[in-house]
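In what follows, a structure is listed as structure tokens, so that the remarks can point back to it.
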């Protein structure tokens, strides 16, 4: 297998490569990576003598008085919850142990059910599970309830949302690549970021050119085809010519002024309100609202591909979080 040195490619070459990868048929997501040498030793000894306590460090404690077994169980569960090493598990692929990470778009009820049925070591989500501070985690059909179930399953959760949006090769660049944009650069710097050049870290959006100008209607059909034909809303202006396109995955309506300043003919994003579209049209820019999750989906695909180069990956992206039908 040939390894490509990305350091020798310029920005346009990297984007063309990303476009090619996104347009290919998706390969199976399960990739296995070996354990460390120390982990392999312990696993091998377990295969030789299953259930051996050779590496346990026993101690005895005398308890005087009545023992509440339920309290004892909860105490042990809490110790396991606090210390990841006590709940790390290894799957076997072709007789070899591997570490496992599940990737999802959003932590939905269906995702949590899949995790409970086959727990990985880590669940990596694009969307945050908890958007607001919480004082307690209780069972139920809610974000708190899903957090409770992950804790009970002993599965850690990591979230990459905005960090992956702005990253080179992340969600914004993947959306630009899916739409075939060329000469792509970054726009809409996040206040907390330190932009270091066009398309670099810190820019939540990308803006670039089409290979050749299209009418707005033609470009809308291109967007629909690239994103799996989601329900879309297109602002008036079918006769306008589209050359320079701005994209922001997810909810990008608050960056309309930045897209106009970047010289975009049209902004492709999701969750755009009536008044935001009117404001964009007043500034001479069209808007295509292709939906929140659909505009993020190319980035989620890229995230799964990235994780699969590091560890065995369980792809839960097919469990679509879109609440609209």
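Could you list the residues of segment 134-159 with an amide nitrogen less than 16 Å from a label point located 7 Å from the Cα of residue 74 in the Cα-to-C-beta direction?
136-139, 152
Sort largest first and round to whole Å: the equivalent ellipsoid semi-axes of segment 164-295, each the square root of five times a Cα gyration tensor eigenvalue.
The equivalent ellipsoid of segment 164-295 has semi-axes of 21, 16, 14 Å.
So for 161, 274, 292, fewest C-beta neighbours within 10 Å to most, what's the order?
Listing 161, 274, 292 from fewest to most nearby Cβ atoms yields 274, 161, 292.
Which of 309, 295, 162 comes first, and how do the rest follow, when ranked by fewest Cβ neighbours within 10 Å?
309, 162, 295
Once both labels are modelled 7 Å past Cα along the beta-carbon direction, what's the residue 215-residue 132 spacing in nm?
Placing both labels 7 Å beyond Cα along the Cβ direction yields 4.7 nm.
Counting only Cα atoms, I'd like the Rg/Rh figure for segment 220-275, Kirkwood definition for Rh.
Dividing the radius of gyration by the Kirkwood radius yields 0.93.
Working out 0.36 nm times the residue gap between residue 182 and residue 9, then minus their Cα-Cα distance, what length gain in nm do you get to one decimal?
60.8 nm
Please give the contour-minus-distance gain from residue 190 to residue 225: 0.36 nm per residue of separation, less the Cα-Cα distance, rounded to one decimal in nm.
Gain in length upon complete extension: 9.6 nm.
Order by neighbour count: 209, 83, fewest other Cβ atoms within 10 Å first, most last.
Starting with the residue having the fewest Cβ neighbours, the order is 83, 209.
Read the figures in this text as sums done on the coordinates, not as results from a lab. Please read these numbers as outputs of a predicted model, since none were measured by experiment. Positions of Cβ are generated from backbone atoms using ideal geometry, with glycine treated the same way; all protein chains shown enter the neighbour counts.
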